[in-house]
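Enquirer: One structure is given below, represented as structure tokens, and several questions about it will come after.
The values are calculated or read from the model by the stated rules, or taken from the named source; none is laboratory data. Everything numeric here is computed off the predicted structure, so don't read it as measured data. Because the Cβ atoms are built from the backbone with ideal geometry, glycine has one as well, and the counts that use them run over all protein chains shown. What goes into the accessible areas is simple: the full protein's heavy atoms, side chains included, and nothing from ligands, DNA or RNA. Shrake-Rupley method; radii C 1.70, N 1.55, O 1.52, S 1.80 Å.
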Amino acid sequence: MAKKRVVVLYGGRADEHSISCISTAGVLNAMDTERFEPIPVGITKDGKWIVNGEDPRGWKLDGGELPTVQVTPESRPVLLDVSRGQDGFFMGEPAHLTSGESGFGTSFVSLNDPEMQHVLTSMGHVDAVLPVLHGPYGEDGTVQGLLEMMGVPYVGCGVFASAACMDKHYTKIVLSAAGIPTAPGIMVDARNFTAADVLAKVEEAGLAYPLFVKPSRAGSSFGVTKVDKADDRETQQDRLAAAVATAGEHDWKVLIEQGVDGREIECAVLCPKAGDEPEASWPGEIVLDQGTDDQFYDFDSKYMDASASHVEVPANLPVSVLEDVRDVARRAFKAVDGAGLSRVDTFVTPDGTVVVNEINTMPGFTPISMYPKAWEATGVGYTELITRLIEGVLR
Ligand SMILES: Nc1ncnc2c1ncn2[C@@H]1O[C@H](COP(=O)(O)OP(=O)(O)O)[C@@H](O)[C@H]1O
Ligand SMILES: [Mg+2]
């Protein structure tokens, strides 16, 4: 049987660009190349789609410089012809990336040019796309919309679930409507607020301290601040205003949430074929190995320092609580209309209540990330996981 040709999209315009590169290294190294022919397509930080960049397979997290998608002299731009669907992927010539103001720009040849036929080369029939992209323009429904327009099968959540889960404010609304508990919270507009108004809104909503102030559409703990109770209103206002401004650097939509006193338990949900019942892994927990003053998992302890933490699956909790987490995770996945995969992050309070914190529709996918580790501990290995996800969308 002919190998299925899979475009693996990586990099991208989001802050999590390098995480995507490292996830992709893992995916490409583990992909079953008897079944699949991967076609790695990198997206630079400024949004250029390329092939023939640096080989992602060698990238890893070793404390050195973070990998990024760079245009090399051999790189060729990728062009899409939306109307050609699975045959709509083309490559230009390397010079098109380096000449002209932007992309093809003014260097593009005219249709009357006799050389035109050599300018674009078909990348051949594409059986599926695996977008290993995190954050905005990757995990938020935009690239999913593009692939829907083209009619190309792709792995993962569709437009709605991706968009709803990228925006923590809307995730809360959808989950609440499905009767799934989330932390009480309010939304403020960082473009237009006063410290006094914010404090008044917090009081009106009856939110208890500590609070967590975070951008509604960001990830990797960027812009998240814990705000403790202050002794006087003035200090409280100042703290809140500073936290809103910090979150506002990432998104004008800022969420102020009541802090949940609980352990952070994450559950991997898998549903390769649309319409099937989603499966939930054993829930896991990130256990910090080194003493840290940080109040919560920040970017460094999550991603940059592999020795700072490890994942423990199943998390050290009673089986009945683990089963509750799995049940909530499956329900949350269905409530947002999930597809393919998602990691549902929860807080489990001391009395065993499960509160959903967020849903990541394209979770970290390196071999040591929670998502693959959780499935490994539940009996689905890394390579098999990738195979199932891709085969689930093939036509
Ligand atoms: N309501 C909350 N209660 C307690 N801790 C929180 C709350 N919201 C966020 N945190 C802490 O901040 C971290 C990052 O926030 P999160 O909502 O997961 O955003 P991100 O998308 O950046 O991962 C969480 O892992 C958790 O440690
Ligand atoms: Mg999180």
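Enquirer: Give me the distance in nm between label points sitting 7 Å out from Cα along the Cα-to-Cβ direction at residue 316 and residue 200, one decimal.
Expert: So the two model labels end up 4.8 nm from each other.
Enquirer: How big is the accessible area of residue 83 in square angstrom, nearest 10, if you roll a 1.4 angstrom probe over the protein chains?
Expert: 110
Enquirer: So what are the ³J(HN,Hα) numbers for the range 217-230, from phi and the Karplus equation (6.51, -1.76, 1.60; θ = phi - 60°), rounded to whole Hz, Gly and Pro as x?
Expert: Those phi angles translate into 10, 8, x, 6, 6, 4, x, 8, 10, 8, 10, 7, 5, 9 Hz.
Enquirer: Using 0.36 nm per residue, how much length does the chain from residue 368 to residue 84 gain when fully extended, once their Cα-Cα distance is taken away?
Expert: Full extension from residue 368 to residue 84 adds 98.5 nm.
Enquirer: Listed here are the pairs 45/273; 172/226; 60/226; 214/273; which of them are more than 29 Å apart at the Cα?
Expert: Flagged as over cut-off: 45/273; 60/226; 214/273.
Enquirer: What's the FRET efficiency of residue 231 with residue 176 using the Cβ-Cβ distance as r and R₀ = 30 Å, to the nearest 0.05?
Expert: Using R0 = 30 Å, I get an efficiency of 0.35.
Enquirer: Return one whole number: the accessible area per residue of the range 185-258 in Å², for a 1.4 Å probe.
Expert: Spelled out: the 1.4 Å probe surface of the range 185-258, per residue, equals 47 Å².
Enquirer: I need the calculated FRET efficiency for the pair residue 33 and residue 252, taking r as the beta carbon distance and R₀ as 41 Å, to the nearest 0.05.
Expert: 0.40
Enquirer: Could you check the simple spin-label distance between residue 187 and residue 273, using points 7 Å along Cα→Cβ, in nm with one decimal?
Expert: The two pseudo-label positions are separated by 3.7 nm.
Enquirer: Also: Restricting attention to the range 111-193, which GluC sites (Glu not before Pro) occupy a DSSP loop and are surrounded by at most 12 other Cβ atoms within 10 Å?
Expert: 115
Enquirer: Count the DSSP beta bridges whose two residues both fall in the chain, then state the antiparallel fraction as a percent rounded to the nearest 5.
Expert: 75
Enquirer: Shifting gears a bit: If R0 is 25 Å, what FRET efficiency do you get for residue 383 and residue 334 from their C-beta distance, rounded to 0.05?
Expert: That gives a FRET efficiency of 0.40.
Enquirer: What's the ranking of 257-263, 383-389, 189-195 by average number of surrounding C-beta atoms within 10 Å, highest first?
Expert: 383-389, 257-263, 189-195
Enquirer: Under the rule a/c < 1.5 gives rounded, and otherwise a/b versus b/c splits prolate from oblate, where does the chain land using the Cα gyration tensor?
Expert: The shape class here is prolate.
Enquirer: Read phi for every residue in the range 48-55 and hand back ³J(HN,Hα) as whole Hz from Karplus 6.51 cos²θ - 1.76 cosθ + 1.60, θ = phi - 60°, with x for Gly and Pro.
Expert: Whole-Hz 3J(HN,Hα) from phi for the range 48-55: 7, 8, 9, 10, 6, x, 4, 5.
Enquirer: Could you work out how far apart the two model spin labels at residue 353 and residue 149 are, taking each label as a point 7 Å from the Cα in the direction of the beta carbon, and quote it in nm?
Expert: If labels sit at residue 353 and residue 149, their model points lie 4.4 nm apart.
Enquirer: Here's something else I'd like to know. Regarding the range 152-213, what is the average projected area of its C-alpha convex hull, in nm²?
Expert: Mean orientational projected area (the range 152-213, Cα hull): 6.3 nm².
Enquirer: Put 212, 365 in order of accessible area, largest first, 1.4 Å probe: what do you get?
Expert: 212, 365
Enquirer: Per the helix-only calculation at 222 nm, which mean residue ellipticity applies to the chain, given -39500 (n - 2.57) for every DSSP H run of n ≥ 4 and division by its residues, nearest 500 deg cm²/dmol?
Expert: Value at 222 nm, helices only: -8500 deg cm²/dmol.
Enquirer: Ignoring ligands and nucleic acids, what accessible area does residue 173 show with a 1.4 Å probe (Å², nearest 10)?
Expert: 90
Enquirer: Would you kindly state how much longer the chain becomes between residue 323 and residue 45 on full extension, computed as 0.36 nm times their sequence separation minus their alpha carbon distance, in nm to one decimal?
Expert: 96.1 nm
Enquirer: Let me ask you something else. Please figure out what share of the DSSP beta bridges in the range 4-154 is antiparallel and state it in percent, rounded to the nearest 5.
Expert: Taking every DSSP beta bridge within the range 4-154, about 40 percent pair in antiparallel fashion.
Enquirer: When the solvent-accessible surface of protein heavy atoms is calculated with a 1.4 angstrom probe, in what order do 159, 380 fall, highest first?
Expert: Reading off the accessible areas and sorting them downward yields 159, 380.
Enquirer: Also: Calculate, in nm to one decimal, what residue 221 and residue 62 gain on full extension: separation in residues at 0.36 nm each, minus their alpha carbon distance.
Expert: That pair, residue 221 and residue 62, stretches by 55.2 nm at full extension.
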